[in-house]
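What follows is one structure encoded as structure tokens, with my remarks underneath.
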Amino acid sequence: MSDKSSSTEKTPAPAIDRKERLKIPPQEIPKQDPKERIRNWDEVYLELDIETARREASRCLQCPAAACTKACPLNNDIVGAFALLEQGDIIGAANKFRETSPMPEMCGRLCPHEQLCEGACVVGKKAKPGAVGRLEYFLADYQRKHEGWPVPEVAPPTGRKVAIVGSGPAGLVVAEELAKRGHTPVVYEAWPLPGGLLRYGIPSFIIKKSVVDDKIQMLEKLGVTFVTDTLIGKDITVDSLLQSDYDAVFLGYGAGQGVKMGVPGEDLEGIIGATDFLIRSNVPPEHLPPDWRKPIDPGDKVAVIGGGNTAMDCLRAAIRLGAREVTCIYRRTEAEMPGNAKERENAIEEGCKITYLAAPIEFFGDDHGHLRMARCQRMELGEPDDSGRRRPVPIPDSEFDVPVDTVVLALGYRVERLILETTDGLEANRNGTLIIDPETGATSRPGVFSGGDAVRGPDYVVDAVADAKRAAAAIDEYIRRKLAGET
């Protein structure tokens, strides 16, 4: 079968000798050398060749139970895609992922595969699990490189419009799904360019900006309109959208408000939130508002507070900005770290250090109000907290000082409350996350739907995509009921 095949029909799996397949070693996934990659912002993982990809796919045991699919929030047919890839049908394998995922390019790069599909991989019980994520975006990238981004079929126009707030993963997927159904999506974005989290929140060494650009261009071909530099809740309200010619509104504004520590000295110059640090580090100035264009100078010594993926991104960005000593300070142990182990490994390869079981308790500055030192305290683990992880407990008289030029706070995110505060009748939880019907994404306001981080709080991209697909189907049904005079 040619690697140019575009068939998405069910392909019989090759004859399986599972014992022999378990003997196939994991294929090396090529990366830039750490000494080279810290000098650029290019993606760390290099392009796979077809034979390596096919060989890795042949490690799949083609399990009838497909535990990997069940562990995927999108229920991607990973087994089916790998069967096609193994036989050389590269395009067919890519389309197999696209049957259920609107953005395999993004999910393949960004999903926590070790906690989802790869974590459920049966091969992983005996050896290293299959490289699901790497193969997923290899297939998607190969297809785009050789055939262009596949543009879905679009139903006849309905003449109905939907306003979408936010152009991150949830907003983009809702826009695509509604455009395919014949509606006219208009996406509102507060930043100068569309892409939301994908463009502004994730460094280019994780996902290159051209992938986001290509996705936006494909959506524009589908008839999606993007309105940028527009903050809903300030420049335009949700009520005004509903009172205009929109038939429905989707709220996909995410969770972008950084969490602070609440310790003395936190307002010193040189202490910066993770969002501010990452955006000003890896986004070209011309793609930023004027007041965000000041370059970041981290100095020689940088400390990043927190242990998730954002913390790893900040560590690696600081290295690329020229910092000589970059340290993560985390109050638990590696076993409790919420981030992706692969990205943690990449950070360590690049020269970043991690201090476990410690947390800052005060920051000190010089006579000019600039940060010069962080006073930290050692921790030990106590009983589990609400997250199920053991709670960090301060150890008396264990303080130690860390000289620093810059501290980046990567402690997590909360949902912004602007839309909640400017929209009557929206029900929300105490933390600001919107209350929805989990089957439809419908909020307490008729015609207003939501999904992703606005509902979940900070969560995985793939969950936002799954929410968006459900919400788009529900919005389509809501509009068609309106057309039929049922609402």
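Odds and ends about this structure:
- Some residue of the stretch 289-300 being under 20 Å from Tyr413 (Cα atoms) and of a type in the set (A, V, I, L, M, F, W, C): yes
- For the stretch 316-363, a residue qualifies if it is out of contact with any Gly (no Cβ under 9 Å at 6 or more places or on another chain) and aliphatic (A, V, I, L, M), and the qualifying residues are Ala317, Ala318, Leu321, Ala335, Ala341, Ala347, Ile348, Leu357, Ala358, Ala359, Ile361.
- Looking only at the stretch 317-332, and only at residues there that are in contact with a strand residue (DSSP E or B) (Cβ under 8 Å, 6 or more places away or on another chain) and in contact (Cβ under 8 Å) with a residue 40 or more places away in the chain, the one that is surrounded by the fewest Cβ atoms within 10 Å (Cβ to Cβ): Arg332
- Taking strands (runs of 3 or more DSSP E) as the structural unit, those lying wholly within the stretch 373-459 and holding at least 3 residues that are under 13 Å from Arg331 (Cβ atoms) correspond to 390-403.
- Reported count of residues in the stretch 250-260, each being part of a loop (DSSP other than H, G, I, E, B) and either surrounded by 24 or more Cβ atoms within 10 Å (Cβ to Cβ) or modelled with pLDDT of 95 or more (or both), is 3.
- Test: residue in the stretch 402-424 that is free of Cβ contacts under 8 Å to residues at least 60 places away in the same chain and over 23 Å from Val259 (Cα atoms): no
- Close pairs from the stretch 27-44: first not assigned by TED's automatic domain parsing to the domain that holds Ile207 and of a type outside the set (D, E, K, R), partner at pLDDT below 95 and part of a helix (DSSP H, G or I), Cβ under 8 Å, at least 6 apart: Trp41/Asn282
- Filtered residues of the stretch 261-296 (kept if among the acidic types (Asp, Glu) and either out of contact with any Lys or Arg (no Cβ under 7 Å at 6 or more places or on another chain) or crowded, with 19+ Cβ neighbours inside 10 Å (or both)): Asp267, Glu269, Asp276, Glu286, Asp291
- Segments classed as helices (runs of 4 or more DSSP H), wholly inside the stretch 64-136, with at least 2 members that are basic (Lys, Arg) and either assigned by TED's automatic domain parsing to the domain that holds Asp463 or closer than 25 Å to Ile216 by Cα (or both): 90-98
- Leading residue by the ranking (farthest from Gly270 (Cα to Cα)) among those in the stretch 336-383 that are touching a residue at least 24 places away in the same chain (Cβ under 8 Å) and among the polar types (S, T, N, Q): Asn340
The values are calculated or read from the model by the stated rules, or taken from the named source; none is laboratory data. Being a predicted model, the structure only gives us computed values, none of them experimental. Glycine gets a Cβ as well: all are built from the backbone with ideal geometry, and neighbour counts include every protein chain shown.
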